[in-house]
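The next block holds one structure in the form of structure tokens; read it before the comments.
The values are calculated or read from the model by the stated rules, or taken from the named source; none is laboratory data. Just so it is clear, the model here is predicted, and its values are computed rather than measured. Glycine gets a Cβ as well: all are built from the backbone with ideal geometry, and neighbour counts include every protein chain shown. Accessible surface areas use protein heavy atoms only, side chains included; no ligands, DNA or RNA. Shrake-Rupley method; radii C 1.70, N 1.55, O 1.52, S 1.80 Å.
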Amino acid sequence: MQYAPGVIEQKWQKVWRESEAFEPSCDRTKPKKYILSMFPYPSGRIHMGHVRNYTIGDALARWYRQQGFNVLHPIGWDSFGLPAENAAIKHGIHPRQWTYDNIDYMRKELASMGLSFSRKREFATSDPIYTKWEQELFIQMWEKGLVYRKAGLLNWCDHCHTTLANEQVIDGRCWRCDNEIRLREMFQYYIRITDYAQELLDDLAKLEGHWPKQVLTMQENWIGKSSGLKFSFELTESSRAFVGGDFKEVEVFTTRADTIYGVTYAALAPEHPLVRHMVEAGLLETAREQILAMQRILAKDRGALEKEGVALGIHAIHPLTGEEIPLWVANFVITDYGSGAVMAVPAHDERDFAFAKKYNLPIRWVIRPTQGERDESKAFTDAGIMENSGEFDGMASDDAKEAIIAMFEERGLGKRVVNYKLRDWGISRQRYWGTPIPLIHCPHCGIVAEKRENLPVTLPDDVVIKGGESPLATHEAWRSVRCPTCGSAAQRESDTLDTFVESSWYQFRYTCEPDRYEEHPFGRDDVAYWMPVDQYIGGIEHAILHLLYARFFSKVLRDLGYSHIDEPFANLLTQGMVLKDGTKMSKSKGNVVDPDDIISRYGADTARLFILFAAPPAQELEWNDSAVEGSYRFLARFADRSSKARPCVSKPIIDQARLSKPEQEARKKVYEALAKASQVYEKSFAFNTLIAACMEALNTLNGQDNPDIWSEAYWILTAILEPIVPHICHEIADNLFGRVNFGPQEIDEAALRSDTVMLGVTVNGKRRGEIEVAVDASQAEILAAAKAEVAKWLERGTLVKEIVVPGKLVNLVVKEG
């Protein structure tokens, strides 16, 4: 068979397309597998990261179809987002046209890879019907109180002209354009993800062993649970008079109640209401610019900064000692954690210690080590024995922590609380190309939801994207509406939803039967059968953003009555990046490899084979042109050697006992590859080892000429490799066997048995040779063969020990001299 990938691949892609080969069955009695790769943004062209992601998922989907499962393997488009607006500015094209033109092009690119997606369930998140159901879900969350609006200091990107959630800011910069972020006070809509913080944390335990440990740890740290004491420092009378307004106290939260007697100052976040009031009132004129600079530093980046502060010139009263302590602004305090203010204990906190040393503030020791002397050149942060702490002196600090909290509660001075670093999810975006928020501002009724019968609220097409302010904010014809409640003239909300909202529930939408898309977002019966996703595949860069939001949405949809699913993704595989010359492929670095070029030169099967053979999926993959050519040569050999097989309509029945040794060895290698297949496809995903086993089997087959063994081998190998290189496997199987469907393959245990076994021989732990002995050889026979194999190494000394590890090796210990 002459290998002509272009001809073969177009042929089989046409067959699959016309036969709708990859649509899931309506038969709900069959066992199911839901295989899902994170859907792409329609940027215009696929890249090697797409090739890797979708080839992994496709291999799993094809394997499970072979095993008789009803497989849902869908594709769609995460199609709202800022790049479409940037393209509109650059090319003078409407975002909608740019988006759907790109979808058409990328759909053809993905099809050229032979990916076995369900086409009937394909959708884009910018489709009006998807928008309708997303707005319906939003309104239900609004009515349930899970969505609210408030003013606050928000992350603002001047380049993208929109707000960003905390999770979308990377090292102080916009995740999309890398522009430096600043804080801006404005109104924003939020989803109460914090209502689910504890459940999101607890349910990570359900994912242990099924999700990468790194992802679970990242989410646990982002949620950031801590428990401790909340109480207030009252401002002194003179301080209240100086500050003015209604400011009477500063609330703090601490996880170290045992150190409370060591407080020598309190530190406030630069955004704390008291600090902002003093800045705006002109009370901190000399420090104004310094404080504003602190505000521009994102909360998550402050811990790594050199500690800096500004004395506010006011004092508060310690609730236990009555001592006056100074209040400071400090760049390490986070406004969103606790109350935005902390009690500072320099003696027992490294951060507070560095700050106190820098600004010459008092250090008061209130815990001593249980043994040895305390090093007072640095903070003592371990547990120990209480001192200088009134009635708690002499207590173990861990015990004192609980006793002090109890005392605060008993006296009404404070209370025990649980805090989370996780903040509510800000979902407003001041952009055009997104899902319109279905709310209306009425001067009489306030903010009210759009009527259900008016959904979807779609975007107006008659806009010009110029950058800067969203055109929705000034589109009076679109914004001007009647209040759904009272009928008065009102204004439609001009903010659109964060695009991560769309990708938080799309896995549920895929379960919906396509002929029922207009009836509901998805049916409970659909969800009950298909969810959760059995295997989810995508990059680890989504560990917090997308994956946390999708977990949250599953719980919300459960509570809204749509499903019974707590966790959306039963198993998660995070594939590594594709690199070239040691760095991630990017246009700016000039190291991009175009998948279209690879497919046109070598074929899709070559691209698929290389991408799965070059490295295990979770590891980074270094692009290698010669290895791509090597993959092509293997497929050409695989096609060529198929001529040695005898055409047949069923797998040949072969008597192992009648075969020559080369024939037995050939069958053994084929069945070893088959034995490895299920473990690889269903557990390890080490496709490279399976491909290597198939290559070894093909090489071993060359040592014999039995056409029945070749036929049996190709019957099995085409089934094993079909999930990886489907086009060539379908072509060969069709030519040899008249077979276009692959089913489960049974292992002939006799083929795996052998009369002999290969044992490694080591001398003093170093491998020096290999012997082949009968499987029932005695220990004496094994040792005799081993000694003969390494005789020259034994002549160098005296043999003092002989170790036989059955089925593996012989180790001979020699004392030289």
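Annotations
- Cα centroid separation, the stretch 618-663 to the stretch 752-817: 33 Å.
- Given Lys32/Lys132; Lys144/Lys451; Lys11/Lys32, the pairs whose alpha carbons are separated by over 26 Å: Lys32/Lys132; Lys11/Lys32
- Among 436-448, 366-378, 275-287, sorting by the average number of other beta carbon atoms lying within 10 angstrom of each residue, highest first, gives 436-448, 275-287, 366-378.
- Projecting label points 7 angstrom from Cα along Cα→Cβ for Thr583 and Ser754 puts them 4.7 nm apart.
- The slack in the chain from Leu560 to Arg184, taken as 0.36 nm per residue of separation less the alpha-carbon distance, amounts to 132.0 nm.
- Phi-based couplings in Hz for the stretch 587-599 (Karplus 6.51, -1.76, 1.60; Gly and Pro marked x): 4, 5, 8, x, 10, 7, 9, 7, x, 4, 5, 5, 5
- Taking the charge dipole of the chain about its Cα centre, with +1 at Lys and Arg Cβ atoms and -1 at Asp and Glu Cβ atoms, the residue from Tyr517, Leu557, Val147 reaching farthest to the positive side is Tyr517.
- Cα long-axis angle, helix 779-789 against the chain (0 to 90 degrees, to the nearest 10): 90 degrees
- Out-of-range pairs (alpha-carbon distance over 20 Å; input Lys108/Lys580; Lys14/Lys120; Lys213/Lys676; Lys90/Lys466): Lys108/Lys580; Lys213/Lys676
- Relative counts (whole %) of C-alpha pair distances in the stretch 280-390, using bins that are 10 Å wide: 12, 38, 34, 13, 2, 0
- Note on the stretch 617-774: with charges restricted to the Cβ of Lys and Arg (+1) and Asp and Glu (-1), its dipole about the Cα centre is near 340 debye.
- Considering only the chain, percent of DSSP beta bridges that pair antiparallel, nearest 5: 80 percent
- Summing +1 for each Lys or Arg and -1 for each Asp or Glu among the other residues whose beta-carbon sits under 11 angstrom from that of Ile653 gives -3.
- Between Gln679, Thr29, Ala197, the Cα set farthest toward the positive side of the dipole of the chain (charges on each charged residue's Cβ, about the Cα centre) is that of Gln679.
- Counting only alpha carbon atoms, the long axis of helix 726-737 and the longest principal axis of the chain meet at about 30°.
- Aspartates and glutamates with Cα under 12 Å of Lys150, excluding same-chain neighbours fewer than 8 positions away: Glu185, Asp424
- Taking 7 Å steps out from each Cα toward its Cβ at Glu682 and Asp127 produces label points 3.3 nm apart.
- Positive-pole candidate from Gly738, Met395, Ile611, dipole of the chain, charges at beta carbon: Gly738
- Under 14 Å, Cβ to Cβ, from Leu579 - net charge with Lys/Arg +1 and Asp/Glu -1: 0
- The stretch 713-817: GluC sites (Glu not before Pro) in DSSP loop, at most 16 other beta carbons within 10 Å: Glu746, Glu795
- Across the stretch 522-621, the convex hull enclosing all Cα atoms gives 149 Å³ per residue.
- With viscosity 1.567 mPa s and temperature 4 °C, the Kirkwood radius over alpha carbon pairs of the chain converts through Stokes-Einstein to a diffusion coefficient of 41 µm²/s.
- Averaged per residue, the chain has 43 square angstrom of accessible surface, using a 1.4 angstrom probe with ligands and nucleic acids left out.
- Size of charge dipole - the stretch 88-132 - debye, nearest 20, with Cβ of Lys, Arg +1 and Asp, Glu -1, no other charges: 120 debye
- Environment charge of Gly434, counting only residues whose C-beta is closer than 10 Å and scoring Lys/Arg +1, Asp/Glu -1: -2
- Alpha-carbon centroid distance for the pair the stretch 87-150 / the stretch 406-437, whole angstrom: 30 Å
- Partners of Lys421 within straight-line reach, counting aspartates and glutamates whose Cα lies under 13 Å from its Cα and excluding those fewer than 8 residues away in the same chain: Glu167, Asp195, Glu220, Asp336.
- Helical contribution to [θ] at 222 nm, DSSP H n ≥ 4, -39,500 (n - 2.57), averaged over the chain, rounded to 500: -11000 deg cm²/dmol
- Carbon-plus-sulfur accessible fraction, the chain (probe radius 1.4 Å, protein heavy atoms only): 48%.
- Other-chain or far-sequence residues with amide H under 5 Å of Arg768's (modelled H): Val761, Thr762, Val763
- Its convex hull of Cα atoms gives the stretch 630-681 a direction-averaged projected area, equal to a quarter of the hull surface, of 5.3 nm².
- Overall, the stretch 365-447 carries a charge dipole of about 940 debye about its Cα centre when +1 sits on the Cβ of Lys and Arg and -1 on the Cβ of Asp and Glu, all other atoms neutral.
- Counting only alpha carbon atoms, the long axis of helix 5-19 and the longest principal axis of the chain meet at about 70°.
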